[in-house]
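Every number in this text was worked out from the coordinates using simple rules, so none of it is lab data. Since we're looking at a predicted model, the values are computed, not measured. Reconstructed Cβ throughout: ideal geometry from the backbone, glycine too, with neighbour counts over all protein chains shown.
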Amino acid sequence: MRTVVKAWILISALAVGSGWILSAFHELNRAGYVVVFALAAVAGIWWLRESKWSTGTTAARTARKFKKRFKRPAPLLFLTLLMMSLVAGAIYEPFNGDSQAYRIPRILHWLDAQQWHWIYTLDPRMNIIAPGFEWLSAPLILFTRDDRLLFLINVVSYAMLPGLIYSVFRRLGVAPRVAWWWMWILPSGWCFALQAGSVVNDCFVAIYALAAVDLALLAKEKGSVRDLWLSLLAAALVTGAKQCDIPLALLWIIAAWPALGLLRRHAIGTIFVGATGLLVSILPITIQNIRHTGNWLGAGIDPHLLQARSPFKGIIGNAFCIPLQNLTPPFDPWVNRWNALMDQFVATPFGHHFVVFEHFGELSNLSHSVGEGNAGIGLGICVFLSATLFAAWRVSKGAARPPRAGTMQQRLLLWAPWLLLLVFMARDLAYENARQLSPYYAFFLPVFLVKPGNAFLVRRRWWQLFGLVLMVFAAGLVFTVRSRPLFPAQAMVHWLHAKHPDSRLIARLEFTFDANPAAEELDRQIVNDLPPDEKLIGYATSSGSAETGLWLPLGQRRVQRLGPADAPETLRAEGIRYVVVDNDILKISNETIDQWMGKYHGELAAQVSCLIQPDLPPYYLYLVRLPP
């Protein structure tokens, strides 16, 4: 397992680093990547020969080990979750609001320009967000001319999760049997299980964070500078993936501190690895944010990313929001009522203190159900962990108090994640930030699992059955999730609705499974009305998610984002004859589509729509033809 993790860290560092380097030379294209990958292959072969690397196992031995491991129920259930995610990702188009709105479009803009660049857009997320996942995605899109394979990044990361959890838990003092059970149960947390087959970019960071701590501790144990170098790269990749994950670098510092002498004894290699770490870290995008916005987060141009004026308010507000999101049931038909209550609360004198939050206390109502875009660790894990803590306390009650175990470093690694949680809560005021906490969750558990009662508890039949039921339930969610159901969901709910037309619950279910495919096909539908030889398309939006379909297949046409300030003469001078206009830009400019077309002297060529939320007006896309 550890060999695969090390290889993944190197591949990730290569993808992220080469993205920035090729951009600097204006060679972010197939030829550039071929040269980089060829050089990397030569370096890899040389390194393997010099290190006399060997797996030490034969294929037959590996097959026997695999068969033996996955005969037991918990590993078998994890393998089922992994295979279901792989199948779902292969069947369905990658569709997620954030990914479609700015993550995939920004990649397409960079590949078109053959370099990273600051994109002209009303959506600041296209520029200021850390691009770690995007640099992993860019070669896949470039060589396949599609975005269908991007889910593989999450599937591969998910496959490595149990082994890393076990290794880190053991190094932090968790008993072997306790670590073994939790290495399978924890990945059934809803954020991990539901994101595995998706293109959401929260959980894949957990692999880097766990590997950074694991390899740093292993480096001290073995005296291996190579493990320490890899741990440094993993920590840098954590910071380069999302700004909200930067605090996790403190865990690497704690884990690596006793082994830092190895770096001094190998100064030349350390300088090279350190420079690579800076390249794949948060540093490049931070420099660009300061350059273009004057703020290292780029928050000066995005009100949703403004920091709380008082960290205390951030902690108090998130102490309510994060548990709320994690304790939400998998299907919540009352979510609109709850959100209305939260709106009323924020309007009160006391609630006004939390107006700096993005939709304080509100829950996602896109489908009234849990999905990869809104799930935290989940209600199941929260209930199970609470029951475990109580039962472990009861089991150990009355027993002789064991001597205090663990080194100072272990105790720091056990408690530091909870300090980092306070930092996260004080600074992150975003909507659905329980999902953004995904890389942190594994580090919260060891401080509870090192208690001696857990070693007795995991032998109890009821506890094991509870954990297995939890995994089965997670498999049920993966099977039925609205974005990638593994059964004929639409046909079944339409049949049920026909049988029970007055059932509000079935009507909600019907909307849940109909809304996502409708939104997914919206950009494809508008493309059908475009002339096939049209090479440049305007997209007038503020934060819409219809751009990806206008680009694909890659190389067929270019898309240019437009705003209310763009004059008709500018569009004509750039050769834009067709513009896709959405609801978002019309709301900002306070115009109807007729008024917009009148300003640009255009005529309506086509329009498509879908109902994204049952209680809101439909979302429209208009294709407008401009005069020569």
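Annotations
- Convex hull volume of the chain per residue (C-alpha atoms, cubic angstrom): 185
- Cut-off 20 Å, label 7 Å out along Cα→Cβ of Phe473, residues of the range 182-205 by amide N: 182-196
- Against the chain, whose longest principal axis is taken from its Cα atoms, helix 461-480 shows a tilt of about 20°.
- Cubic angstrom per residue, convex hull over Cα atoms of the range 1-156: 144
- Normalising the average separation of contacting C-alpha pairs (under 8 angstrom, six or more residues apart) by the number of residues puts the relative contact order of the range 166-310 at 17 percent.
- Label-point separation, Glu574 to Asp529 (7 Å along Cα→Cβ), nm: 2.2
- Within-10-Å neighbourhood charge of Val200 [Cβ basis; K, R +1; D, E -1]: -1
- For Arg461, neighbours were defined as the other residues whose beta-carbon sits under 15 Å from its Cβ, and their charges (Lys and Arg +1, Asp and Glu -1) total +4.
- Each stretch of four or more DSSP H residues adds -39500 (n - 2.57); spread over every residue of the chain, this sum gives -18500 deg cm²/dmol at 222 nm.
- The alpha-carbon atoms of the range 103-199, seen along their principal axes, cover 53, 26, 21 angstrom, with the largest extent given first.
- Exposure proxy ranking, count of Cβ atoms within 10 Å, fewest first, for Arg106, Arg226: Arg226, Arg106
- For the range 547-628, the Cα-based Rg and Dmax, in that order, read 13.4, 41 Å.
- Area projected by the alpha carbon convex hull of the range 446-560, averaged over all directions, nm²: 14.0
- Between 0 and 90 degrees, the angle of helix 283-293 with respect to the longest Cα principal axis of the chain falls at about 30 degrees.
- Net length available on complete extension from Lys222 to Trp462 is 82.5 nm, with 0.36 nm assigned per residue and the Cα-Cα distance removed.
- Note on the range 213-336: the alpha carbon radius of gyration divided by the globular reference 2.2 N^0.38 Å gives 1.41.
- Net +/- balance of residues flanking Cys191 in space, Cβ distance below 9 Å, scoring K and R +1, D and E -1: -1
- For the pair Leu250 and His117, a Förster radius of 30 Å applied to the C-beta separation gives a FRET efficiency near 0.40, rounded to the nearest 0.05.
- Full-extension gain in nm, Glu591 to Val35, via 0.36 nm per residue minus C-alpha separation: 195.2 nm
- With Cα atoms, 0 to 90° folded angle of helix 59-69 axis to the chain main axis: 90
- Taking the square roots of five times each eigenvalue of the Cα gyration tensor of the range 85-145, the equivalent ellipsoid has semi-axes of 22, 14, 9 Å, listed largest first.
- Each of Phe95, Phe479, Phe151 was scored by other Cβ atoms within 10 Å of its Cβ. Arranged with the fewest first, they read Phe479, Phe95, Phe151.
- Each residue, Ala24 and Leu341, gets one label point 7 Å from its Cα in the Cβ direction; the gap between the two is 5.5 nm.
- Length available on full extension from Glu603 to Leu283: 0.36 nm per residue minus the Cα-Cα distance, which gives 110.6 nm.
- Counted by neighbouring Cβ atoms within 10 Å, the residues His494, His368 run from fewest to most as His494, His368.
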